[in-house]
Amino acid sequence: MTEQDPTEFPDPESHSRKAGADVRIEVLDALADARGVLASIQSKHTSPAGGLVLRCISEALASPSVFLPSLPEAAIQATQVVDSPRCDVLDLADTLNADPDIASRVVQIANLSFFAGSEPVHTARDAIVRMGIRETRNVVMGLVVRRLICDAPGYAEERNRTWQHSLATAACAQGVLCELAVADCLGFLAGLAHDLGRSAIYTWLGERGHTDISATVLDPIADALHAPLAAACLVHWRLRFELIEAVRWHHESATQARHRPIAAALEAADRLAHSLDGDLSHAHPAPELLLLLEDLGISANRLSRLQHENQARLEELRKIL
Ligand SMILES: [Fe+2]
Ligand SMILES: [Fe+2]
C-alpha cells in the first residue's frame with residue numbers, strides 16, 4: 001500500500017510470507033482504508049443511535065492495541081500450509097496437533113457419517129487422509145470462523161444470520177469459481193469470510209454494552225463498513241492477497257477493474273446466497289445478478305443448474321459445520 005492509494009492491498013507474492021512487524025503495518029493500512037470509509041458516512045448518520053454506533057466503531061478503529069477478531073494460530077498456519085506447493089498430510093497434521101482443540105474437532109468431523117469410513121479415525125493424520133487436505137482446511141476454517149461469528153455476546157440473531165449467510169455464500173462462491181475454472185478452495189474461504197466485518201461491529205457494540213441497537217440504525221452502517229473491516233481481518237490473519245481483495249471489493253467489483261474476476265465472482269455468490277436462503281428482502285434485482293454473471297461468462301440458462309448445485313453443496317456443508 002502507498003500513501004497515494006490508501007485502499008491498495010499488499011503485493012501478493014510477499015504478503016503470505018510476511019510476519020510480525022510487516023503484517024502489523026499492512027493491518028494499519030487496511031484500517032486506514034476502513035477509517036476512510038467511516039469518515040465518508042459519518043455525516044449521513046445524524047440520529048443519536050447512529051452517532052453512538054459510529055462512535056463505537058471509531059473508538060475501536062482508533063485503538064492502538066490489536067482489537068481485530070483473532071483466529072487460533074493453528075488455523076492460520078493450516079491455511080498457509082495447504083497453500084504451499086509442498087504441502088503433505090504430515091505437515092498439515094503437525095500443524096493441527098499444535099492445537100489439541102482443533103485437532104480433536106477435526107477427528108470428530110472425520111467420523112461423521114457424511115465421510116462414511118468403515119472404521120473410526122483417532123488421529124488428525126487419519127482424519128486428513130479420510131477427508132482430504134483441502135477439505136480438512138475448509139473444515140478447520142469453518143469451525144473457527146463459526147465460533148468467531150456466533151460465540152460472542154449480543155446480537156445472537158444477527159450473528160446466526162450472518163453465519164448462515166456466510167456458509168451459503170461459501171457454497172455459492174465455490175460453484176461460481178468452478179464455472180470459471182478457478183480453484184474452488186478460494187471461493188470457500190472468500191464466502192466464509194466476506195461479511196466478517198458485520199460480526200466485528202456486533203462485537204465492538206456488545207463489548208461496550210450496546211446490545212439493543214435496532215436493525216434500522218445498524219444495518220446501513222454495517223452495509224457500508226463491513227467489507228473494509230473484513231479485509232482488515234484477513235490481512236491480520238495473513239491470508240492470500242486475492243482473497244483479501246475479493247472480500248474488500250465484494251460490493252463494488254464493477255468499479256474495481258483490477259480486482260476482478262474473483263471479486264465479481266464473490267459479489268455474484270453473495271447475491272446467489274440470498275436467493276438460496278429465500279431472503280428476498282436482501283435480494284438484488286435479478287437483472288443486476290444476470291449482468292454480473294454474464295460479465296463472468298456464465299449465461300442465464302446455466303443459472304438454474306448452478307443454483308441447484310449450490311443448494312446441494314450448502315446442504316452438505318450444513319451436515320459438517
Ligand atoms: Fe457483504
Ligand atoms: Fe454477504
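In terms of other Cβ atoms within 10 Å, MET141, MET131 run from fewest to most in the order MET131, MET141. Phi-derived couplings, Karplus 6.51 cos²θ - 1.76 cosθ + 1.60 at θ = phi - 60°, listed residue by residue for segment 233-250: 4, 5, 5, 4, 8, 6, 7, 5, 3, 4, 5, 4, 4, 4, 5, 4, 10, 6 Hz, with x used for Gly and Pro.
Computed over the chain with a Gaussian network model linking Cα atoms closer than 10 Å, the most mobile of GLY50, GLY187, GLY297 is GLY297. Only Lys, Arg, Asp and Glu carry charge here, each on its Cβ (+1 for the first two, -1 for the last two); on that basis segment 63-131 has a dipole of about 140 debye about its Cα centre. Of the chymotrypsin sites (Phe, Trp or Tyr not before Pro) found in segment 86-180, not one falls in a DSSP loop while having at most 13 other beta-carbon atoms within 10 Å. The alpha-carbon positions of the chain define a convex hull whose volume is 139 Å³ per residue. When only Cα pairs below 8 angstrom with a gap of at least 6 residues are kept, the chain shows a relative contact order of 22 percent.
The equivalent ellipsoid of segment 71-151 has semi-axes of 18, 16, 11 Å, largest first, where each one is the square root of 5 times an eigenvalue of the Cα gyration tensor. Computed about its Cα centre, the charge dipole of segment 194-244 is approximately 240 debye, with only Lys, Arg, Asp and Glu carrying charge at their Cβ. Here the dipole of the chain is about 360 debye; that uses its Cα centre as origin and unit charges on the Cβ of Lys and Arg (positive) and Asp and Glu (negative). Over segment 173-228, the Kirkwood radius and the radius of gyration, each from Cα atoms, give a ratio Rg/Rh of 1.17.
Where a number appears in this text, it was derived from the coordinates with a stated rule and is not lab data. Source: prediction; values computed, not measured. Neighbour counts are summed over all protein chains in view; Cβ atoms, including those assigned to glycine, are modelled from backbone coordinates with ideal geometry.
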